[in-house]
Amino acid sequence: MKSFAYVNAAGEKEAVAALGPERGRFLPLAGGMDLLALMKDYIAQPDRLVNVKGLDRAIARTPDGGLRIGAAVTLTQLAESAEARRMYPAMTDAAAEVGTPQIRNVGTVGGNINQRPRCWYFRNEEFPCLKKGGSTCYAVDGENQYHAIFGDGPCHIVHPSSLAVPSVALNAKFRVVGPTGERVVDAGEYFQMPDRNLFGETVLAPNELLTHVMLPPPGAARTATYEVRFKQSHDWPLAFASVALSMSGDTVRGARVVMGAVAPIPWRSPAAEAALTGKRLTEEAAMTAADAAVQGAKPMTLNSYKVQIARTAVKRAIMKAAGLKTV
Amino acid sequence: MAPKKKDEPGFSRRSFLKTVGAGGVAAGVLGPASTAEGQNVKAIGPAASPIQLNVNGKFHRLEVEPRVTLLDALRTRLNITGPKRVCDRGSCGACTVILDGRTVYSCSMLAIEAQGKVIRTAEGLTEGTVLHSVQRAFCDHDGLMCGFCTPGFVTAAVALLEKNPKPTRQEARKALDGNICRCGTYPRVLEAALNPKSAAGVKRG
């Protein structure tokens with residue numbers, strides 16, 4: 001990789017001070033699982049890395065009964081937190097399935113949410129794709145079996161983060177710090193489609209940092225994440241879904257249904273949510289919602305199989321949240 | 001700098017590569033810290049800077065550029081070659097080391113970040129010529145074919161058993177699923193990880 005200078009930031013203020021406004025020049029280093037691989041392949045060539053493992057690494061209850069997860073919390077720590085598991089199984093199930101034990105031991109919550117896409121054209125130095133400032137999305141006429149089935153491009157990545165999807169389903173808020181102070185962004189507003197932001201995937205400016213994921217009090221919500229994978233480890237899901245269902249008795253009062261690995265951002269389905277609302281939680285209701293979730297999917301040349309996988313993931317996530325058997 | 005090795009008279013491919021590497025590094029030492037333009041930020045590098053690593057209970061002082069991974073520092077600077085360099089992308093597990101009690105891919109961590117951590121490799125498991133009970137179990141259960149993935153699997157198994165001395169088969173599978181064996185000897189690796197006490201402490205000559 002290209003040589004760079006290194007700053008070991010003690011906390012968020014120092015970290016932000018060491019970052020700069022120019023995209024890609026100064027980059028935060030958390031677990032490094034994604035970033036160092038990008039640097040070895042010369043996709044990222046920063047002049048400076050700012051170690052942000054000094055950000056908050058605590059999982060703490062908030063006064064309103066929710067949970068506040070520091071960006072430097074590792075995926076292992078999150079997956080092993082009994083409190084997080086009890087309150088938000090959708091989140092801990094997703095964390096527990098990321099990559100491999102070695103990746104989860106160093107990979108952080110902030111790093112997982114802000115990792116770059118896995119698209120093999122983006123990751124390959126030889127392809128000057130749209131996201132790297134080129135003029136072509138090679139996936140359109142190329143090998144697009146793992147690409148998006150929702151969205152109108154012009155770039156057809158799927159968002160790579162496993163935690164982004166339950167974050168949106170759980171209506172999390174992200175605390176962001178920058179040179180002029182802090183702001184709070186809804187998880188649902190944090191991720192950006194390529195027509196709005198081609199060179200990044202989020203609203204985060206190059207000199208801003210995600211510092212906390214704040215989850216609202218779970219109340220009587222039932223939540224679950226269900227992933228469909230090609231391999232059981234060392235891999236990203238083909239498609240997955242996170243759901244949060246607020247219940248009164250066994251009737252759904254409100255639902256949030258979000259699919260992952262199907263679009264450039266976590267893909268929320270208002271149609272599936274509407275199909276569930278007011279219904280009793282049965283396999284049939286889950287099926288109807290899953291059908292609604294994939295309505296309007298626009299698969300590419302090689303990935304229409306993902307429509308059925310996404311549908312199954314939604315159905316099973318709902319059934320898992322309901323405590324019904326998934327297979 | 002790496003501590004002097006006693007009794008290393010021979011000339012090997014490895015020591016040749018090390019000599020060549022050391023020259024390159026020495027030329028790169030320009031001064032440890034620079035302050036960035038207009039900001040009160042303490043930046044280290046990009047030239048080599050002194051760091052200290054605690055590996056297998058021993059402190060090593062060396063000078064590395066920030067871009068040097070922990071794996072490359074261990075292998076090419078400290079001659080600790082148990083961790084293997086295979087994919088160099090955190091996809092195979094051959095470089096697995098135990099860092100503060102947890103397994104990590106040493107290829108995907110900078111050496112400079114590993115300062116202040118307790119690092120253990122397969123070398124640190126053996127006491128003299130006495131194999132660790134997990135290493136012994138790999139022999140007894142034929143847990144290796146070509147052997148290239150073995151140090152990674154052994155360290156992953158040791159880290160598992162230190163946290164969870166009696167893992168279920170499922171727990172062991174999950175704990176070891178960050179390592180890949182191209183020969184495919186997974187069933188026997190699993191048997192070894194599940195039966196570490198079979199012949200602990202037996203001397204190997």
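The values are calculated or read from the model by the stated rules, or taken from the named source; none is laboratory data. It should be emphasised that the depicted structure is a prediction, and the values quoted were computed from it without experimental measurement. Note that we place each Cβ from the backbone using ideal geometry, even for glycine, and neighbour counts take in every protein chain shown.
Is it fair to say A:ALA37 is buried (at least 23 other Cβ atoms within 10 Å of the Cβ), within 14 Å of chain B (Cβ to nearest Cβ) and not hydroxyl-bearing (Ser, Thr, Tyr)? The answer is no for A:ALA37. Among the residues of segment A:26-34, is any part of a helix (DSSP H, G or I), touching a residue at least 24 places away in the same chain (Cβ under 8 Å), closer than 20 Å to B:VAL41 by Cβ and among the small types (Gly, Ala, Ser)? No, that holds for no residue.
Just so you know, in segment B:156-174 the residues that are free of Cβ contacts under 8 Å to residues at least 60 places away in the same chain and closer than 18 Å to B:GLN135 by Cβ include one that is farthest from the other protein chains (Cβ to nearest Cβ), and it is B:PRO165. For A:ALA169, are the conditions met, namely being over 19 Å from the mean Cα position of the chain (by Cα) and crowded, with 21+ Cβ neighbours inside 10 Å? For A:ALA169, the condition - over 19 Å from the mean Cα position of the chain (by Cα) and crowded, with 21+ Cβ neighbours inside 10 Å - is not met.
If you go through segment A:176-199 one residue at a time, do you hit one that is within 28 Å of A:ILE43 (Cα to Cα), in contact (Cβ under 8 Å) with a residue 40 or more places away in the chain, among the acidic types (Asp, Glu) and touching a helix residue (DSSP H, G or I) at 6+ places or on another chain (Cβ under 9 Å)? No - not one qualifying residue is present in segment A:176-199.
Quick grid of which residues meet (1) of a type in the set (Asp, Glu); (2) under 11 Å from the mean Cα position of the chain (by Cα); (3) modelled with pLDDT of 95 or more:
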| position | (1), (2), (3) |
| --- | --- |
| B:ILE80 | no, yes, yes |
| B:VAL86 | no, no, yes |
| B:CYS92 | no, no, yes |
| B:CYS95 | no, yes, yes |
| B:ILE98 | no, yes, yes |
| B:ARG102 | no, no, yes |
| B:SER106 | no, yes, yes |
| B:THR121 | no, yes, yes |
| B:GLY128 | no, no, no |
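Applying the criterion of being out of contact with any strand residue (DSSP E or B) (no Cβ under 6 Å at 6 or more places or on another chain) and free of Cβ contacts under 8 Å to residues at least 60 places away in the same chain to the residues of segment B:81-96, the residue that is farthest from the other protein chains (Cβ to nearest Cβ) is B:ARG85. Hey, does segment A:87-107 have a residue that's within 14 Å of another protein chain (Cβ to nearest Cβ), β-branched (Val, Ile, Thr) and either under 25 Å from A:ASN171 (Cα atoms) or surrounded by fewer than 23 Cβ atoms within 10 Å (Cβ to Cβ) (or both)? Yes, segment A:87-107 contains a residue that is within 14 Å of another protein chain (Cβ to nearest Cβ), β-branched (Val, Ile, Thr) and either under 25 Å from A:ASN171 (Cα atoms) or surrounded by fewer than 23 Cβ atoms within 10 Å (Cβ to Cβ) (or both). All told, A:SER242 falls short of being in contact with a Lys or Arg (Cβ under 9 Å, 6 or more places away or on another chain), surrounded by 14 or more Cβ atoms within 10 Å (Cβ to Cβ), polar (S, T, N, Q) and assigned to a loop (DSSP other than H, G, I, E, B).
Restricting the search to segment A:40-71, which residues are charged (D, E, K, R) and either more than 12 Å from chain B (Cβ to nearest Cβ) or buried (at least 20 other Cβ atoms within 10 Å of the Cβ) (or both)? Selection gives A:ARG48, A:LYS53, A:ASP56, A:ARG57, A:ARG61, A:ASP64, A:ARG68. State the number of residues belonging to segment A:113-144 that are more than 14 Å from chain B (Cβ to nearest Cβ) and assigned to a helix (DSSP H, G or I). Residues that pass the stated criteria total 6.
Let's see how each residue does on (1) buried (at least 18 other Cβ atoms within 10 Å of the Cβ); (2) under 15 Å from the mean Cα position of the chain (by Cα); (3) of a type outside the set (D, E, K, R):
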{"residue": "A:VAL184", "(1), (2), (3)": "no, no, yes"}
{"residue": "A:LEU210", "(1), (2), (3)": "yes, yes, yes"}
{"residue": "A:THR223", "(1), (2), (3)": "yes, no, yes"}
{"residue": "A:TYR226", "(1), (2), (3)": "yes, yes, yes"}
{"residue": "A:PHE230", "(1), (2), (3)": "no, no, yes"}
